[in-house]
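Undergrad: Would you mind keeping the following structure in view while I ask a few things?
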Amino acid sequence: MTGYRHLKPEEIDLLKARMCTAEDWTAIEVAEDFTAEHIYYTRFSGKIRIGSFKKEFILAGGMKKHSGLYHATLHNVTVGDDCCIENVKNYIANYEIGRGTFIENVDIILTDGRSSFGNGVEVSVLNETGGREVMIYDRLSAQQAYIMALYRHRPGLIAALRELIGKYVDSVSSETGHIGSDVMIADAGYIKNVKIGDCCKIEGTARLKNGSINSNAEAPVHIGVGVIGDDFIISSGSSVEDGVTFSRCFIGQACRLGHTYSASDSLFFSNCQGENGEACAIFAGPYTVTHHKSTLLIAGMFSFMNAGSGSNQSNHMYKLGPIHQGIMERGAKTSSDSYLLWPARVGAFSLVMGRHVSHLDTSNMPFSYLIEQQGTSFIFPGVNLKSVGTIRDAKKWPKRDGRTDSDRLDCINYNLLSPFTVQKMFRAVSILKGILEASGDVSDVYSYMGAKIRGSSLRKGMKYYNIAISKFLGNSIIKRLEGMRFADNSTIRERLRPDVPAGEGDWVDVAGMIAPKSEIETLMDDIEQGRIKDVERIHARFLDMHSRYYDYEWTWAYGRIRSFFGVDPEQITAEDVIGMVKQWKEAVVGLDRMVYEDAKKEFSLSSMTSFGADGDTDTRNQDFEEVRGGQFESNPFVMETLDHIRRKTELGDELISRLADIA
C-alpha cells in the first residue's frame, strides 16, 4: 500500500448500491488500486482507510473466500491490503489491521480510550495480599521478574525498575489498537483493548480484555475455544486453548495452557505447561509443568518442576491471611498427593513425597528425597544423584525447548551440576559432618531444619555429594585442558589460571539462569544508580552474563581445587592432575553405575505386573518386551549410559596420556 486517495463518486455509488452506509464518505480513504466490488453491507464511521482486495483465502475443507468487507461495521479503522472481514455482529473500532488478515463471525473488537494493552499490569505473585508485585510488559524476562519479586529489601532498585518499565509502558500506550498481518480471528466473542501480533490465530475465544498477544511469523500464537483472559501478556510461540481462564498473568515464550486450566496473578516463563489444574500467585520459571486436574500450585516459586497429581500447598494458617510463600528450587518435583505447608524451601532437584507441615528448609541439601513417614518428614540427602529419572530429566529439557523465536527473552542454563548446585553440596557435606560431630556417630536418627535424617542416609549422603563434587570439578579441569599439549608443569598452571576474575563466591539461580551473585549485584547496582537507561539494556546485560557462564564457572571451580583435592592450583603438577582425573573417572563411572542399577529396576519382575493379560509367564514377558522396547541392555537410555561410561573413560585416559611425559 503506497498511498491513499479519496473515494471516487462512482465508487461511492457502487458502495451505496451494495447497501453500504457512511457517516461521512469524505472521511474514507482507499489505496490507489482499490476497487469497491468486494464490499457489501458495511457501515463506516469516523476515519477509515481501506487497502485493495486481491487475495482469495482457501479455508479448511477447500472453501474459498475472497478478501473484502461483508456485513461489518467499522469505526476509525485502517484495513490493510487483502483482508477479509465478514459477519461482525457489533463493530470494530479504533484499530489498525495489517495485510492478509481474516476476521469472521466475531462479536466486537474495540479499543476504548488510551490503553497500554496489558503492559504495566501488576501481578501479585507469591504473596496474594501484595508486596511482591511484578509489573508485566512485552519484554519481561524471567530474570527481570525474579529481581522485581524477590529483591524487595532494595526499595531503590525496585523503584528504578518500575520507572524503566513505566517508560516502556508509556511508549506502547495508544488510543488505537493493532491487529497484525496474516492474523485469523474466527468465531470470537468480546475483544477489548488487545494488541494482536502477526500470524496469530484466535478461534472460538470467549473474551480477551486488556492484553498483548506477541505473535510473529517465526513463532505464532494460538488462542483457542472458550478462552477467557483479562489483563495479560502472551509471548511468542505460546498456545492457550480449551476453556482456559486467566487474569493478571504473564505467559512466556512457547508455553502451553489448556484443558480448562485456570490461573490468576501468576507468571509463566519459557516452556511451561499447565493443564486441568489451578495456579494462584505462582512464579513458574522455565519448564514448570502441571498436568493434573487435582493439582493446585499456589504462592510458590518453581522451575524445571513437574507437579504430581493432587499436589497442593497452603499459603496461610488462618491468622493474617494468605501471606506465606514457598520456594522449590530448580528441578524439584512432587509425587502424587504431596502437600507442603508454606513457608518452606525445597532444595534443587529434590523429590517431595507425602504431607509436610513443619516449614522445612532443605535448600542446602540438593538432590534429596523428602519423604513423610507417619507424620514425620525425613530427608534422604543426595539420593537423587543416582536416580535414573534425574538424569533423564536433564537430558530431555534442552530437547523440549519449543521456542522458535530468534529473539529469546529468558536465559536458560540446563546444567545439572553447576557452581549453584555444587556449592550447596559443599555446604551439605559440612552440615552433615557437623551433625555427626555434635550428636555423635551412634545415633539412628538426627534432626535438621524441621526434619529427620537417618544415620545410614546421612553417611550415604556425604558419599553421594563427594562423588558429585569430584565429577563436577574433574569435568571442569578436563574441559579446561582439552585438546592442548603441555611442555612442562608451568604451562599447565598457566592454562589453568582463570580468564576472568568474576565467578568467585556465591552463585545464584535467577529463575533459570545460573550466574555469580557478584555479577547480579553489579547489575542491580547499575539499575539502582540510574546507569541503565532502558529495559532493553537490562536484557542485554543478562544475555551477556549468560553467554559468559563457562568463563565464570571455571573461575569458581579453580578456587575449589585446593579445598577439595588438597592441591594449591598455583603449584599444581601433571602428577596432581593425573590423580584428580583418576578420582574423576571413579566418580563418573561410579555414579553412572548407580544410575544403571536404578534403571534396571524398570525391568524387574514387579515392573511386569499387569502385562500379558489373559496369558502365562511367556505371554507376559513377550508383551512387556513389545511395549517397553526389548531387553534391558537394548534400552536407548541404558545404551546411552553405557556409552557415556565408555566416552568419559576414554576422555580421562586421553588426558592422562598427554600428561604422562611430564609427570
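Undergrad: Is it true that some residue in the range 426-447 is at pLDDT 95 or above, of a type in the set (D, E, K, R) and under 30 Å from G252 (Cα atoms)?
TA: no
Undergrad: So, in the range 59-83, exactly how many residues are closer than 25 Å to S174 by Cα and either hydrophobic (A, V, I, L, M, F, W, C) or at pLDDT below 95 (or both)?
TA: Qualifying residue count, the range 59-83: 5.
Undergrad: Restricted to the range 8-42, and to residues that are charged (D, E, K, R) and closer than 21 Å to G100 by Cα, which residue is surrounded by the most Cβ atoms within 10 Å (Cβ to Cβ)?
TA: Ranking the candidates gives E29 first.
Undergrad: Can you confirm whether the range 417-440 contains a residue that is crowded, with 19+ Cβ neighbours inside 10 Å and among the aromatic types (F, W, Y)?
TA: yes
Undergrad: Kindly indicate whether any position in the range 278-285 is surrounded by fewer than 24 Cβ atoms within 10 Å (Cβ to Cβ) and either touching a Lys or Arg at 6+ places or on another chain (Cβ under 6 Å) or modelled with pLDDT of 95 or more (or both).
TA: yes
Undergrad: Do you know which of the residues in the range 240-280 that are polar (S, T, N, Q) and assigned to a loop (DSSP other than H, G, I, E, B) is nearest to A206 (Cα to Cα)? Before you say what the answer is, go through the steps one by one.
TA: In the first step, residues of the range 240-280 are kept if they are polar (S, T, N, Q); the result is 245, 247, 253, 260, 262, 264, 266, 270-271, 273, 276.
Keeping just the survivors that are assigned to a loop (DSSP other than H, G, I, E, B) gives 253, 260, 270-271, 276.
Numbers: Q253: 22, T260: 13, S270: 25, N271: 25, N276: 18 Å.
Only one residue tops the list, namely T260.
Undergrad: Which residues, counting only those in the range 345-364, are under 16 Å from M425 (Cβ atoms), hydroxyl-bearing (S, T, Y) and surrounded by fewer than 24 Cβ atoms within 10 Å (Cβ to Cβ)?
TA: S363, the sole residue that qualifies.
Undergrad: Kindly list, by first and then second residue, each pair from a residue in the range 424-441 that is closer than 13 Å to I453 by Cα and among the polar types (S, T, N, Q) to a residue that is crowded, with 16+ Cβ neighbours inside 10 Å and modelled with pLDDT under 95, limited to pairs with Cβ atoms under 8 Å and residues at least 6 apart or on different chains.
TA: Every condition considered, the pairs that remain are S439/Y446.
Undergrad: In addition: Are any of the residues in the range 75-82 touching a Ser or Thr at 6+ places or on another chain (Cβ under 7 Å), under 28 Å from F44 (Cβ atoms) and among the hydrophobic types (A, V, I, L, M, F, W, C)? Full working, then the answer.
TA: Initial filter on the range 75-82 (touching a Ser or Thr at 6+ places or on another chain (Cβ under 7 Å)): 75, 80-82.
Pick out the ones that are also under 28 Å from F44 (Cβ atoms) and you get 75, 80-82.
Restricting the remaining residues to those that are among the hydrophobic types (A, V, I, L, M, F, W, C) gives none.
No, every residue in the range 75-82 fails to be touching a Ser or Thr at 6+ places or on another chain (Cβ under 7 Å), under 28 Å from F44 (Cβ atoms) and among the hydrophobic types (A, V, I, L, M, F, W, C).
Undergrad: Go through the range 84-115 and report how many residues are surrounded by fewer than 20 Cβ atoms within 10 Å (Cβ to Cβ) and either at pLDDT below 95 or of a type in the set (S, T, N, Q) (or both).
TA: Number satisfying all stated conditions: 3.
Undergrad: Regarding S141, is this residue out of contact with any strand residue (DSSP E or B) (no Cβ under 8 Å at 6 or more places or on another chain), free of Cβ contacts under 8 Å to residues at least 12 places away in the same chain and hydroxyl-bearing (S, T, Y)? I'd like the intermediate steps shown before the answer.
TA: Details: out of contact with any strand residue (DSSP E or B) (no Cβ under 8 Å at 6 or more places or on another chain): yes; free of Cβ contacts under 8 Å to residues at least 12 places away in the same chain: no; hydroxyl-bearing (S, T, Y): yes.
Spelling it out, it is not the case that S141 is out of contact with any strand residue (DSSP E or B) (no Cβ under 8 Å at 6 or more places or on another chain), free of Cβ contacts under 8 Å to residues at least 12 places away in the same chain and hydroxyl-bearing (S, T, Y).
Undergrad: Restricting attention to the range 125-154, which residues are surrounded by fewer than 21 Cβ atoms within 10 Å (Cβ to Cβ) and part of a helix (DSSP H, G or I)?
TA: L150 - this is the single residue of the range 125-154 that is surrounded by fewer than 21 Cβ atoms within 10 Å (Cβ to Cβ) and part of a helix (DSSP H, G or I).
Undergrad: Would you pick out the residues in the range 7-43 that are more than 17 Å from H75 (Cα to Cα) and assigned to a strand (DSSP E or B)?
TA: Residue satisfying the conditions is A31 alone.
Condition check ((1) under 26 Å from I478 (Cβ atoms); (2) assigned to a helix (DSSP H, G or I); (3) at pLDDT below 75; (4) of a type in the set (D, E, K, R)) across all residues:
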| site | (1), (2), (3), (4) |
| --- | --- |
| N621 | no, yes, yes, no |
| F637 | yes, yes, yes, no |
| L642 | yes, yes, yes, no |
| K648 | yes, yes, no, yes |
| I656 | yes, yes, no, no |
| A663 | yes, no, yes, no |
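Undergrad: Can L157 be described as crowded, with 17+ Cβ neighbours inside 10 Å, within 25 Å of N216 (Cα to Cα) and not β-branched (V, I, T)?
TA: Values: crowded, with 17+ Cβ neighbours inside 10 Å: yes; within 25 Å of N216 (Cα to Cα): no; not β-branched (V, I, T): yes.
The answer is no for L157.
Undergrad: Is it the case that some residue within the range 380-394 is over 21 Å from L591 (Cα atoms), touching a residue at least 40 places away in the same chain (Cβ under 8 Å) and over 23 Å from the mean Cα position of the chain (by Cα)? First the steps, then the outcome.
TA: Taking the range 380-394 first, the residues over 21 Å from L591 (Cα atoms) are none.
No, the range 380-394 contains no residue that is over 21 Å from L591 (Cα atoms), touching a residue at least 40 places away in the same chain (Cβ under 8 Å) and over 23 Å from the mean Cα position of the chain (by Cα).
Undergrad: Do the conditions hold for N475, that is, is it in contact (Cβ under 8 Å) with a residue 60 or more places away in the chain, out of contact with any Phe, Trp or Tyr (no Cβ under 9 Å at 6 or more places or on another chain) and surrounded by 15 or more Cβ atoms within 10 Å (Cβ to Cβ)? Lay out the reasoning, then the answer.
TA: Values: in contact (Cβ under 8 Å) with a residue 60 or more places away in the chain: yes; out of contact with any Phe, Trp or Tyr (no Cβ under 9 Å at 6 or more places or on another chain): no; surrounded by 15 or more Cβ atoms within 10 Å (Cβ to Cβ): yes.
Spelling it out, it is not the case that N475 is in contact (Cβ under 8 Å) with a residue 60 or more places away in the chain, out of contact with any Phe, Trp or Tyr (no Cβ under 9 Å at 6 or more places or on another chain) and surrounded by 15 or more Cβ atoms within 10 Å (Cβ to Cβ).
The values are calculated or read from the model by the stated rules, or taken from the named source; none is laboratory data. Predicted model, so just to flag it, every value in this text is computed and none were measured. Cβ sites come from the backbone with ideal geometry, for glycine too, and all protein chains shown count toward neighbours.
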